[in-house]
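Q: Sharing a structure here in structure tokens format.
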Amino acid sequence: MIFANRALLPTGWVENLRLTLSEGRIETIGVSQTARDGDTRVDVLLPALANLHSHSFQRAMAGMTEYRKAGKDSFWTWRDLMYRFTKELSPDQIEAIAALVFMEMQEAGFASVGEFHYVHHQSDGTPYDDLAELSGRIAAAAAETGIGLTHLPVLYTYGGAGQVPLQAGQARFGNTIDGYNDLVDRARYLLRSLPADCQVGIAPHSLRATCPEELGAVLHDHGNGPVHIHIAEQPKEVADILQWLGARPVEWLLKNVDVSDQWCLIHATHMTDAETRDMAGSGAVAGLCPITEANLGDGPFNGPSYLAQGGRFGIGSDSNVLISLTEEIRTLEYSQRLRDVARNVMVVGEGSIGETLFRGAARGGAQALGRGAGEIAVGELADLMAIDSTDIALCALQTDQLIDGLCFAGRDRVVTDVWSAGRHSVRGGQHIGRERIVANYRTAMKSLMSAL
Ligand code: NGQ
Ligand code: ZN
């Protein structure tokens with residue numbers, strides 16, 4: 001049972017809240033209660049966020065790509081470096097890195113993760129004896145950390161728009177449609193050993209890495225559950241798709257595919273006003289990855305117009321160059337302020353930016369991961385976080401300013417506790433498995449660095 005001094009419910013703030021949990025879900029909520037012996041006591045209880053987009057292995061190359069070489073560095077030169085790094089990763093290393101980054105996510109206030117998983121095979125492209133070996137490693141990392149996993153095996157068939165063959169650096173990613181179906185089935189089987197809130201969705205990597213017929217085939221076979229796709233991150237990607245398919249990526253997808261509220265469109269960065277309106281109307285979630293989109297020089301999201309039309313959104317950490325819930329949210333708002341030369345952009349009408357973004361990302365992220373969470377309400381999964389309002393960043397604030405303080409003045413250290421479907425993995429600001437997870441990571445990095 002959890003007792004909180006204050007908590008943010010869908011209807012607003014309450015005091016002295018007592019929650020009971022059952023089978024990972026919130027069973028009862030009482031306000032104006034007194035704590036009882038044995039309750040886990042926290043200060044301020046909030047819904048935890050879903051981290052809707054991660055490539056966990058990229059965490060281990062953070063800081064290795066920030067050096068300018070002659071000529072113009074771009075997303076595409078970053079990608080070449082990333083591919084070279086990817087070539088060397090062993091299954092043990094992939095598991096150790098995933099466990100580390102999942103732990104960091106939980107310590108930052110994320111209860112769940114959408115792992116967009118496309119490194120499937122050995123370095124030369126030969127499948128492992130178990131086709132889903134590396135999905136199994138991701139599942140093992142989720143089991144070790146207790147994070148709520150939505151595993152998204154990726155279909156990555158082509159090296160570029162127009163069915164260009166895979167490049168050498170992409171050998172670990174590719175599958176035929178039959179191979180992909182087997183992989184998804186096998187991943188589903190492997191995830192049966194995880195708690196019931198963990199699940200498998202699908203992820204055609206991007207329009208450029210698939211083709212209309214094959215996209216249609218995998219949607220037909222697995223259309224029931226989360227569907228994630230990278231959509232319009234870079235201008236070159238938009239131009240390539242326009243030339244190949246005769247429409248911009250978001251435009252093409254919305255016209256040719258039944259995009260529903262099971263969909264999550266990652267990096268819907270480059271959209272016209274019409275695309276923005278139509279995407280908002282589709283019920284799909286915009287998967288925004290503010291730190292990565294800044295790091296890779298993608299560009300700012302069309303935020304005000306999307307919000308004004310009721311568009312749903314969530315937050316992901318994508319390249320995992322930095323794991324920080326608070327910094328993701330403020331980077332999103334700051335990208336809008338810098339572009340518009342304005343303040344307090346991401347709200348419709350009047351209101352708190354922090355609350356708009358935090359609540360919106362909690363609901364949208366849970367939707368994208370198929371989690372039935374995102375609010376503190378009876379029947380929802382107990383994806384919860386607690387923060388310490390006595391922290392110097394928050395101690396002077398009124399209750400209704402706390403989320404703004406968290407998002408704009410706070411650091412992740414204010415997070416004291418995190419539950420993923422009731423699994424209480426972060427306590428006193430630290431993950432309960434931290435020591436072992438960090439030791440495994442250091443060992444993995446030593447072996448990786450000697451191979452690079
Ligand atoms: C990814 N990253 O899937 O990791 C991609 C690069 C690709 C981003 N789009 C790989 N940020 O596009 O093929
Ligand atoms: Zn991505």
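Q: Take the residues of segment 180-199 that are aliphatic (A, V, I, L, M) and in contact (Cβ under 8 Å) with a residue 60 or more places away in the chain: which is least open to solvent (accessible area, probe 1.4 Å)?
A: Quick first cut of segment 180-199, residues aliphatic (A, V, I, L, M) only: 183-184, 187, 190-191, 194, 196.
Next, only the ones that are in contact (Cβ under 8 Å) with a residue 60 or more places away in the chain stay: 183, 196.
Working: Leu183: 3, Ala196: 105 Å².
In this case the residue turns out to be Leu183.
Q: Here is a check on your reading of the model: is Ile323 surrounded by 22 or more Cβ atoms within 10 Å (Cβ to Cβ) and either within 16 Å of ligand 2 (Cβ to nearest atom) or of a type in the set (Asp, Glu) (or both)?
A: For Ile323, the condition - surrounded by 22 or more Cβ atoms within 10 Å (Cβ to Cβ) and either within 16 Å of ligand 2 (Cβ to nearest atom) or of a type in the set (Asp, Glu) (or both) - is met.
Q: Specify which of the listed residues (Asn302, Asn320) is polar (S, T, N, Q), touching a helix residue (DSSP H, G or I) at 6+ places or on another chain (Cβ under 8 Å) and within 21 Å of Gly146 (Cβ to Cβ).
A: Asn320
Q: Sort out for me the helices (runs of 4 or more DSSP H) sitting completely within segment 286-355 that have 3 or more residues that are at pLDDT 95 or above, out of contact with any strand residue (DSSP E or B) (no Cβ under 8 Å at 6 or more places or on another chain) and polar (S, T, N, Q).
A: In segment 286-355, 325-340 are the helices (runs of 4 or more DSSP H) which contain 3 or more residues that are at pLDDT 95 or above, out of contact with any strand residue (DSSP E or B) (no Cβ under 8 Å at 6 or more places or on another chain) and polar (S, T, N, Q).
Q: Still on this model: Looking at (1) at pLDDT 95 or above; (2) more than 16 Å from ligand 2 (Cβ to nearest atom); (3) of a type outside the set (Lys, Arg), can you tell me which one Val113 breaks?
A: The failed condition is (2).
Q: Additional query: Looking at (1) of a type in the set (A, V, I, L, M, F, W, C); (2) over 30 Å from Ala141 (Cα atoms); (3) open to solvent by 10 Å² or more (accessible area, probe 1.4 Å), find the lone condition where Leu17 falls short.
A: (3)
Q: Same structure again: Looking at segment 50-60, is at least one residue within 16 Å of ligand 1 (Cβ to nearest atom), among the charged types (D, E, K, R) and within 27 Å of the chain's Cα centre (by Cα)? If you could, list the steps in order and put the result at the bottom.
A: We begin by selecting, within segment 50-60, every residue within 16 Å of ligand 1 (Cβ to nearest atom); these are 51-60.
Then keep just the ones that are among the charged types (D, E, K, R); that gives 59.
Narrowing the set further to residues that are within 27 Å of the chain's Cα centre (by Cα) leaves 59.
Checked segment 50-60: at least one residue is within 16 Å of ligand 1 (Cβ to nearest atom), among the charged types (D, E, K, R) and within 27 Å of the chain's Cα centre (by Cα).
Q: Looking at segment 255-281 only, could you name the residues that are open to solvent by 20 Å² or more (accessible area, probe 1.4 Å), in a helix (DSSP H, G or I) and either of a type in the set (Asp, Glu) or touching a helix residue (DSSP H, G or I) at 6+ places or on another chain (Cβ under 6 Å) (or both)?
A: If the condition is that a residue be open to solvent by 20 Å² or more (accessible area, probe 1.4 Å), in a helix (DSSP H, G or I) and either of a type in the set (Asp, Glu) or touching a helix residue (DSSP H, G or I) at 6+ places or on another chain (Cβ under 6 Å) (or both), then Asp273, Asp278 are the ones that fit.
Q: Also, I was wondering about something else. Taking segment 356-395, which residues are of a type in the set (Val, Ile, Thr) and in a strand (DSSP E or B)?
A: Ile387
Q: Report the residue count in segment 200-224 for those that are closer than 19 Å to His120 by Cβ, more than 16 Å from ligand 2 (Cβ to nearest atom) and open to solvent by 10 Å² or more (accessible area, probe 1.4 Å).
A: So the answer is 5.
The values are calculated or read from the model by the stated rules, or taken from the named source; none is laboratory data. Keep in mind the model is a prediction, meaning the values are calculated, not measured. In this analysis, Cβ positions are derived from the backbone assuming ideal geometry, glycine residues included, and neighbour counts consider all displayed protein chains. Protein only, heavy atoms only, side chains kept; ligands, DNA and RNA dropped before computing areas. Shrake-Rupley method; radii C 1.70, N 1.55, O 1.52, S 1.80 Å.
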